[in-house]
Structures are given as C-alpha cells and as structure tokens.
Amino acid sequence: MRYLAPASVGEAVSALAAEPGLSRILAGGTDLLVQMKTGLAEPDLIVDIKKISDLTEIRCDGSGFRIGAAVCGAQLAEHGELASAWPGVVESVNLIGSTQIQGRATPAGNLCNASPAADSVPALIAAAAVATVAGTGGTREVAVEDFVTSPGRSVLENGEIVVSLNLPARPENASDAYERFIPRTEMDIAVVGVGVSVETDSDGRITAARVGLGAVAPTPLLVEDAGRALVGTKLDDEALEKCAAAAMEACSPINDKRGTIDFRIKVAGALAKRVAARAYRRARGEQ
Amino acid sequence: MSKIHVNATVNGDAVEYLCEPDESLLDSLRDRLGLTGSKEGCGTGDCGACSVVLDGRLVCSCLVLGAEADGRAIETIEGLADGDELHPLQQKFLEHAALQCGICTPGFLVAAKALLDKNPDPDETEIRYWLAGNLCRCTGYDKIVRAVMDTAEEMRR
Amino acid sequence: MNKIDDISGTEYKYVGSRPVRPDGLDKVTGKAQFGADLYAPGMLFAKILRSPHAHARILSIDTGKAEALDGVKAVLTSTDLQPGEGADDLEDDMDHVLENVMARGKALYDGHAVAAVAATSASIARKALKLIDVEYEVLPHVTDIEKAIAPDAPVIREDMYTQDMDPKPDKPSNIARRMEIGHGDIEAGFEKADFIFERRFRTEAAHQGYIEPHACLADYRSDGHAEIWCCTQGHFMVRSACAALLGMELSKLRVTASEIGGGFGGKTTVFIEPVALALSRKCGRPVKLVMDRDEVFRASGPTPSSVVDVKIGANKDGVITAGFAELWFQGGAFPGSVIDLGTMCAFACYDLENVKAIGWDVVVNRPKSAAYRAPGAPMAAFAVESGLDDLAERIGIDPVDFRLKNAAEEGSTAAFGPKFRRIGLKETLEAAKASDHYNSPLGPNQGRGIACGFWFNFGGTTSASIKIELDGTAMVTVGTPDIGGSRASMCLMAAETLGIPYENVRCVIADTSLLPYSATTEGSRTTHSSGMATVYASENAIKVMCGRAAKIWGIPEDAVDWKDGHARPSGANAGEFEPMSLADIAKKAHETGGAIAGHCEFEAGKVGQSFGTHIADAEIDPETGFTKIVRYTVIQDAGRAIHPSYVEGQYQGGAVQGIGWALNEEYIYGEDGRLQNAGFLDYRMPVCSDVPMIETEIVEVPNAGHPFGVRGVGETPIVPPLGAIGNALSHAIGTRMDTIPMSPPRVLEAVSGG
C-alpha cells in the first residue's frame, strides 16, 4: 500500500487515475480506517486530501456555502453563519459518531461512503445540496439525492473525487432540521433519519419544502410527496399527517440487526412529523 | 511495503519514526514511540480508549494513520501532567474513585481535558454527550461525570 | 477472630475510609501496564485464524504457504496442543478448554480458532492467515435454544447423552444435563394459591464488554522454563491450564497478571494464552497475542442466552405459596453452562415453603460461555421478579411489601439447600421503602419497577504475605488480580490490623512464583478471601513483632499485647516498658532475629451472601419505543464497606451493565449462524449520555465469617436490573415485558398492542 498526500486537486486526480489497483480517498478516515481494520478494504493507494488547502475550508458568499471535502464535522459547528443558515445540516453532521469522530469525519466522506443510513445525507438532500466532483476531464455538479446509486456505490467514476458540497443561500423565514432514531443516545448508526427544509412567507405559510429520508431504503431518498404535503399550509395536523404518510409510503426498508421493516416505517412517520415541526418552528424564529 | 518517515511533535517533544503506510497513529505511538498510555479497545473508533489531541482536535488515534501525523502536534495522556504535578482532572479522578480497572481512564482524561479547554463550565448533560465516545464498563459513568464536574468547578475558581 | 457481636457497631480508623488507591497514579498518567503494554526483545506478533462457519468438519489444514512467507516464524494447529492432565483446579473440563482454544476436527461456532501464526509483524501475521488453506465440510448448525432442543435439531455432539436423567436417554441430543433443586410440595402450594402467575421469559446473550481485549506475551525458553504476562482474573488458573495443555511442570511456568482492563468473569478462563505459549515454544521467541475486538465478541465467553418458564402462586394475604421455574441455558458448543448457578439463584431471595427449579444445560453453535458477573442469576431473577411484580399488582399489595413479606432472612432454607445465616435482604427492602426515590412522583410515560437480587460469594484457596520493612512500612502480596480497586482494600485492612497509617502500606499482586496458590478473582471472593488472608497474615506478623518486643524487654512472648500499632506489656505483671511502635520493632529486626513477615495460606470459607434491592424509573417514547432510564437506585448489603467509594462503584457499574443488557445489548446471529454485531457499534453498551447518576445506599449487616464483616459486593448489582427495568417498562406500557433486550422495536410493538 502507498500513502500520498498531494497538495492540489489536480495531483490527487492524476494519482487516482494512474493507479491500476484499488485506490481510496482519505478525508476523515473514520469509515476507511475501520474498513481497513476489519479487512473490508485493502487499498493499494490511499490519497489523503487534507493537504489540499482549498478543500479544508468553508466559504460563504451571496450564492451560498461551499464546504470543502476535507472539512470535518467540528468545523461546521464552529462556523456561525453556516450553523444559523443551515442548522439542520449542521446538526445532522454533528450527530455522526462521537466528539472524537467529529474531529475527523467529513460530510463529503459521509456522502461518498454511500451508506443508506448516513446521517448527513437526508439533511443535505432536504437542503438541495449539490456535490462538486472533479476528475481528469474537469468538474461536474451532482445533486446529493442523485449521488448514491446503491448501498456502498455512488456516481463517482474511477479517478473522480468530491471536492465540495454546496448549499444555497437562505431567504428570510427558512430553516431546516434533522433527527434520527437510534436505540441509544449516541454512537449508533441511524435506524431512521429524516431531514426537512422549509421556506415560508412572512405570514408563516410554507412556500417550499423538501424532505430527505435515510436508512429506510437502499439509498437515501428525496420524498417529494412529503414535501408537497407541507407546501401551502401553516403546518396544521392534517399537513403533518399527510407528510408522515408520504414518508412512510416511500419507505422500503429491510429487517436487519438495527431494526425491523415495521419498526422503521412507523418511526419514519413519527420522525417526519417531529422534524417538519422543528424546521417550521425554526423558520418562524421560534427556536 | 516501504516505510514512511514521519516527523511530529508529541507532548511538546520533536519525535521521528518510521511507520508502515497502513499503520494507525495508535500503533505508531505504542509500538514505535513506546507511549502505551493510549489503549486499543476496539480499533474502530467506538470506545475512545485511544483518544489523543491532534493539532488541537480530539480524535481517536486508531482512526488516524501514523503517516498523517507528519508535521503535526499530538498530545497524549503521557503529556497531561506537568512533570510531577498532576492535572486537576487526574487528581479529581483519583479523589472521586472515577476509575476501577483504569483501561478507559487515559481516554477519558484526554477527552475531558479537551472539553474543559473548550468549555470551562459544562453542565452534566454536556459532559455526558461530550464523553459519549468514551466507553467505560466498570463505573457506570457516575463517578467520572462527578469528577469532571468537580474539576471544572475547581478550575473556574 | 472477631465475632459478629464484636464488630456490628465497631468504628474503625482506616476501614470504611476513602483514600486514593495505591495503583491510581499509574492509571491516571498512562503508566500502568495492561495486557498489551509489554514488549520483549525479539518479540513476534501472533494472529489467530478463525472459522467463518458456525458448524463445520475440518477436513484438512494446509499451512505450507503461510510457513513459506517471509517473516513467519511459526504456524500452529490443534496438533501442537495436547489433552491436559493435572489442571483439576479449573472449573472447566480440560478437554473442552483444549477444544475451545483450538478446534479439533470440527469448528463448533463462528469464530472458533482453527490455526495461529507468529510473525515479525502483525501485518505479516495477518497476511499469513490468508495463506492457510482450510478445507471445511459445512454442517447444519443451530444457535437458538428452542431450536436446539427440538426433536429435529442438528446434533452438535454425537456422543452427548443428557446426564442425570432417569431413565437414561437412548439417543444423543443437544441437552447436556438436567438438574433439579427444591423442597416442599409445589402442587399442594399451587392449590393454596389465590393468584397464579405463569409465563415464559427469554433473554439474549450478553457480553461482559471489558474494554481491554484479551492480551498476552509468552516466552518459552530453551530449557523448558517459560513466562507469561497476561490480563487475567486468575494467573494461577492460567498457569494450570497452560501447563496442562503444553505438558509442562507447574513450577517451570511463571505467570504474571498484568493490570487488567475489566473482566467481569470473562477473564476467568484461557483463550489465547496456551496458543501464544505453544507458538513461542515452536519458534523460541517471545510471542505477543492480542485479540481484536471482533474476536473478543466472536470467540471469548459471553453469557448464555436463556429460556425460563416460571410459575408462582400467592394467596390474598401476599404469601407466596409455591414457586416453580424451569430454565434452559445454552453455554455455547460445550457442556457446562452456568445453569446450576442460575437455577440455584432463581428463588434465592425468598423464603418459600414449596419451591422447585429444574435446569437444562443446552449446547448450540455459539462460543463457549464464560462467567459474567453473578453468572446465571440475572436471567433467573428477571423471570421471578417479573412474576412477583405481576402478583403484587393483582393482589393489590405494594411490591416492596410483597417482597418483605416473603423475603429470606436468617434461618430461611434456601431453595438450593442450606439455611441462611444472618443476611440483609429485608434491610435493603426497608431502605428502598424509605428512600426518596421510591416515594417520588412519576412523570408521563414513566413507570417504576423494583427487583431484588442475590449472589452467593465464593471462598476458596487463598494466600497472602505481608513483610514489615525496616523503615516501618508494610508490603502486602496477594494472588488475586485487582480488577476494581482491591489493592486499596487490602491496604486498608492491613493498616487497620497492624495499626499503622494507610499510606504506610503497599500492596502488589504477586506472580505465580512468588506466592502460594491463590484462586481466581471471581465469585465476589477477593475482598472477602484475600482480605481475610491479609488480615491473618498481618496477625501473624504481629505475633512475630510481639515476640521481638518480648525479646528486647526480656519477658515472655505471651506477656506482650498489640494495640494501635504498638507492642505493649500485657499488664502490670509483665513489667513496666514503654510501648514499642511497629517502626521501632522493624528498625531492630536484624538484631532481634531477622526480617519480619507474616503469611497466610488457607481455604477461605464463611462467605457472606450479598442481597440487594433496585429501584428503576423508565420513560418511554410511545412513538418510537425509545426507553430512557430517568432515575435508578441501588441498595445493597455490603456487610462492611472497606472502601465505600469502590463499593459504590461496584453498585453503579453493575447496575449500568444491567441497564445495557435490559435495553439494548444482545448477540445477534444470522440465518447463516454467524455473529452479526461483533463490535461496539452494534453491540450497544450504554454510553455516558444513556444513563443518569446511579444513586446508591450501602446497607451494612456484617458477615460474621469475616474479621471486618465483609460481604463480596461485585456481582449482586447486575442481578436485579433486568427485572427492575422490565417491571418499570411493563408499568409504563401497561403490558408485561418478557424478552430481553427490551429494545425499541419490542417496546414499540408492546405499545402498539402487538
């Protein structure tokens, strides 16, 4: 195995493209090193992207936020503007693992790991986040909801890396929230994860809403019907019930060591209501 | 597999070592530098017994490559006391009987210090969530949390 | 020795205080050396190849390619170990230990060791494992008790016929043995009952979850002598097992117990030590072998899983008229689960006229179970305490009062035979009733449960020495590894006995070459047994010191008394002499007859059973089934708390282990018979944010069998939690919970009326 820590995206992409064996990108390493330890991954080349300074920053301008692929969870929490514009995304990232994991794990890595249960992904989907992908042929943009194609697989081609996640700027009266169900209070993989983003008019009527679901299907989902159920309402009980019903309808989970089909579907409905209500309260400035 | 030459700072001292490319920082600290205070409880980032501070951030050293430490500063349990003078957390852990077997203790101390550096006045809930990545199987956490609260109070005085 | 009347109200100077433990400094500075922390020049790293199959015949093992790999120094298979003889101090059958350490002919569970490699680096050892070709014939497997005892189950051991059956079975099965205890006439008792509770309970296997994986460093020398450094609860046990499996003389093997990073019963047997030693013998170099966490889960010794049928009858006045339990425990692929202890503990808290319990020892394709804190008792208590809770509700009596009415006390005949001497169960129940917790209101979606628990306490072969140094300090050596602060307790007891300050006493755990045999740290025996040995050794040293004073004064030895750390003339007739302190006598040791020491080698008995009562408040989220333990109290009889902080620590730690077992911890096997959650991520032990502060109350009803009244306290705290939390949840939900763990899907199903 070789370890490289290039200083530019170009070098990283060239090294990956040139590697005939198995190559893996090292950002936070909290998935990769576990896979190596347990024998699930035996890469021939590891490309550490943390020496690429461009990827270690969060930038913010009028069009939104650009979160470099090597930015760790703790950095998100420390970024005041990001935390106030996208509290749901930040809380979703900060729920991944322990304080120690937060010092390493990156939201870009959480996306690239392509787990159906990744905590940050439903929130990023709800936030209409877009991943910027670089390859030898240049860069392309991929909507987060289109990124994961099946458990452990993504749209990334050989030699491509995610360089940033991009979040749009926020209008007035908009916010988001994320909540997940785990059997303990910390340190578990989501059994169900729900992210909701809402925009309202000055009167509190929802003008746009997106709902992302995790751990209830082979990939994280954008549930358009669940978002649609909220639009035009002031989040009354009927809207919440419809949102929950749409979320439950979208579920196609499996029975596994973390939860049963029936349990996951029920909890998805319960969480959809809670998270929508929380996002709405935040948008209304009540929280 | 050829080895990688690493220059780093550990507890303020310049160190250098050769490590294998797939070797964890935990193994480098223990096997190369003889710093066995950091423990491997799981090797997968789930127990926190290997907690160290890397360039100011609390991390699990089992989830960092030894090679990544090049040019960086690491603080381990061995650097917590100032010579013969224990850090107040160490003293309070002793006084509160906040350890039984002691295998998790280095990780808890390193993690608790990182907390108090960031937040000198944490409440019980903040302490419990901050330390959720450190498993202890002996104490039920009660005396550990009390020791951290008591330390924080003393250090604020 | 003191009698109970002498000590029940005695105030001590050191016993009962809370000094800093002697090993504390090393543990807060990272200096303490645990199992994996020792390195030796020329040391090799070993790894074990494990079966991926739950049940398979091993047709062949080809190690040729592995041996040829550069850096590989030895490869080991079962043929390198031999059936041992002479290790009769081990509770386990040595043939089974041998078979568990390295599969012989058949792999019996996912993770069963098949071969091992020692190489110059861990990564080379790992590579070599992949080069070992093992040809398996996969056999049908069974990992579940109820399936294993079904008539059509695949039989794991073709030569196993259920023992103690009348008539003898005519064909083999997965049931190793039947046992029965009890007295009275349960049928007559049930006739008299106004209320009867009857139900089946199930518990899944739990792991001790010690944070330190098994680790050892073995060094076999060319002259046939060897040393092992390892984390164990019993280094004398390790010596016996390793010497037997390698055909060594005991005196040629020296075993040192490292600091131990948790055991809870899981380190009372051997898994890797004989393998490391045999590898070292093969290649003539020191070999270090450390388990990875997944190996700890797959291939050390979790608890049995259990099925318990319980039937309890009571009359309108709240008197239990009969109790019956039938228990099935699987101990993995080997006979000898802790079914005996579970069966004996089921009704141990209660004074019953009519009681019967039947136990069945079942084998399945899982790792060989080991002890875990009060082994067997939590599963049995879960069923019985749940039944009592239900009966109390139906009778309309407070659940504490119901237990008080039936509680065992001095003179009660235990279901397992003997009459209890003075015990403190009723005192813990009275304390529960009077506690702030029990009398506090509950919030919405909350329920409160109480449960009692019992553990025997073991005695056994024990040794201790104490040397009085020239400077007036004392050094205690004991042979029981310190897993939770016992060195502090030994120092306190020695200080109290000698009459010198705690700070002047040290304690070390002697290796097997330095002290006569000492049984393992298990069964809540250490503070009791090694404590007694320390006191007796100290008393023997005092005798020597009195003799030295007599010599200096020129008076008979029996004219000297020892009080408050000084030798004194026993009365006016003995003569007028200034009392001599321990330090004065120690200073003159070389002029008065040589070094001063005291020893004790004995068979500890007179153990004092420890009983406890727990109160748990649980709150459920009715939409997700999430359970939060909002308040928890442990009340237990310690006899006498030598170091109260570490007694509380035992209470708190045991309770939180019980909380984990009750709510989320479990072994999850797939259809393929493989363990699916062999890591801390999915074997969900409580984390810091999962639990509240654990309130404790130490009740002290002294054990007359111990000079300071000690009862071992380590194990009882894990007995009540399953029942207490089960009862709390049952009240919060309104449905009786009968399956452990009571995980969110199970709670949500119960809430939904499923």
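A few points about this structure:
- Pairing each residue of segment C:121-139 that is within 14 Å of chain B (Cβ to nearest Cβ) with any residue that is modelled with pLDDT under 95, provided the two are 6+ apart or on different chains, yields no C-beta distance under 6 Å.
- Conditions (1) within 26 Å of C:V687 (Cα to Cα); (2) at pLDDT below 95; number of the one not met by B:V64: (2)
Yes or no, residue by residue, for (1) in the same structural domain as C:M102 (by TED's automatic domain parsing); (2) out of contact with any Lys or Arg (no Cβ under 7 Å at 6 or more places or on another chain); (3) under 15 Å from C:R366 (Cα atoms); (4) not hydrophobic (A, V, I, L, M, F, W, C):
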| site | (1), (2), (3), (4) |
| --- | --- |
| C:I132 | yes, yes, no, no |
| C:E135 | yes, yes, no, yes |
| C:P151 | no, yes, no, yes |
| C:V155 | no, yes, yes, no |
| C:E158 | no, yes, no, yes |
| C:T162 | no, no, no, yes |
| C:M165 | no, no, no, no |
| C:K168 | no, yes, no, yes |
| C:R177 | no, yes, no, yes |
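- Residue, surrounded by the fewest Cβ atoms within 10 Å (Cβ to Cβ), within segment C:7-63, restricted to residues that are within 14 Å of chain B (Cβ to nearest Cβ) and of a type in the set (F, W, Y): C:Y39
- Qualifying residue in segment B:126-135 (condition: among the charged types (D, E, K, R), closer than 20 Å to C:Q652 by Cβ, free of Cβ contacts under 8 Å to residues at least 24 places away in the same chain and buried (at least 22 other Cβ atoms within 10 Å of the Cβ)): yes
- Among the residues of segment C:447-469, not a single one is within 14 Å of another protein chain (Cβ to nearest Cβ) and outside any helix (DSSP H, G or I).
- Some residue of segment C:593-601 being in contact with a Ser or Thr (Cβ under 7 Å, 6 or more places away or on another chain) and within 30 Å of C:G453 (Cβ to Cβ): no
- If the condition is being among the polar types (S, T, N, Q) and modelled with pLDDT under 95, then segment A:54-76 contributes only A:S63.
- Unique match (being of a type outside the set (A, V, I, L, M, F, W, C) and either within 14 Å of chain B (Cβ to nearest Cβ) or more than 24 Å from A:G28 (Cα to Cα) (or both)) among A:R184, A:R180: A:R184
- When the test is whether a residue is over 30 Å from B:N134 (Cα atoms), more than 14 Å from every other protein chain (Cβ to nearest Cβ) and in a loop (DSSP other than H, G, I, E, B), A:L156 passes it.
- Qualifying residue in segment B:39-58 (condition: in a helix (DSSP H, G or I) and modelled with pLDDT of 95 or more): no
- When C:E695 is tested against (1) buried (at least 24 other Cβ atoms within 10 Å of the Cβ); (2) within 24 Å of the chain's Cα centre (by Cα); (3) not in a loop (DSSP other than H, G, I, E, B), exactly one condition is not met: (1).
- Here the condition is being crowded, with 24+ Cβ neighbours inside 10 Å and either within 7 Å of another protein chain (Cβ to nearest Cβ) or more than 13 Å from the chain's Cα centre (by Cα) (or both); of B:G107, B:G83, B:G66, it holds for B:G66 alone.
- Among residues of segment C:142-198 being acidic (D, E), in a loop (DSSP other than H, G, I, E, B) and touching a residue at least 12 places away in the same chain (Cβ under 8 Å), the one that is surrounded by the fewest Cβ atoms within 10 Å (Cβ to Cβ) is C:D159.
- Of all residues making up segment A:248-281, the number that are crowded, with 20+ Cβ neighbours inside 10 Å, under 26 Å from A:D203 (Cα atoms) and touching a residue at least 40 places away in the same chain (Cβ under 8 Å): 7
- Qualifying residue in segment C:236-254 (condition: within 13 Å of chain B (Cβ to nearest Cβ) and hydrophobic (A, V, I, L, M, F, W, C)): no
- In this structure, A:D237 does satisfy being away from chain C (no Cβ under 14 Å) and free of Cβ contacts under 8 Å to residues at least 12 places away in the same chain.
- Residue match in segment C:351-369 (condition: farther than 30 Å from C:Y669 by Cα, touching a residue at least 24 places away in the same chain (Cβ under 8 Å) and touching a Phe, Trp or Tyr at 6+ places or on another chain (Cβ under 7 Å)): yes
- Checked against (1) more than 20 Å from C:E665 (Cα to Cα); (2) in contact with a helix residue (DSSP H, G or I) (Cβ under 9 Å, 6 or more places away or on another chain), C:F329 passes all but a single condition, namely (1).
- Out of C:N677, C:N703, sole residue that is over 19 Å from the mean Cα position of the chain (by Cα), facing another protein chain (nearest Cβ under 10 Å) and over 30 Å from B:M149 (Cα atoms): C:N677
- Flag if B:S28 is touching a Cys at 6+ places or on another chain (Cβ under 7 Å), at the interface with another protein chain (Cβ under 10 Å from one of its Cβ atoms), within 25 Å of C:G261 (Cα to Cα) and at pLDDT 95 or above: no
- Checking each residue in segment C:397-435 for being assigned to a strand (DSSP E or B) and buried (at least 20 other Cβ atoms within 10 Å of the Cβ) picks out only C:A407.
- A count restricted to segment C:554-584 and to residues that are aliphatic (A, V, I, L, M) and either part of a helix (DSSP H, G or I) or in contact (Cβ under 8 Å) with a residue 40 or more places away in the chain (or both) stands at 5.
- Among (1) within 27 Å of the chain's Cα centre (by Cα); (2) surrounded by fewer than 24 Cβ atoms within 10 Å (Cβ to Cβ); (3) under 30 Å from C:D389 (Cβ atoms); (4) of a type outside the set (A, V, I, L, M), the one test that C:N315 misses: (1)
- Residue within segment C:646-659 that is in a loop (DSSP other than H, G, I, E, B) and either away from chain B (no Cβ under 14 Å) or within 28 Å of C:R736 (Cβ to Cβ) (or both) present: no
- The strands (runs of 3 or more DSSP E) found wholly in segment A:14-81 and carrying at least 1 residues that are without any contact (Cβ under 8 Å) to a residue 40 or more places away in the chain and more than 14 Å from chain B (Cβ to nearest Cβ) occupy A:58-61.
The values are calculated or read from the model by the stated rules, or taken from the named source; none is laboratory data. Bear in mind that the values here come from a model prediction, so they are computed numbers and not experimental data. Reconstructed Cβ throughout: ideal geometry from the backbone, glycine too, with neighbour counts over all protein chains shown.
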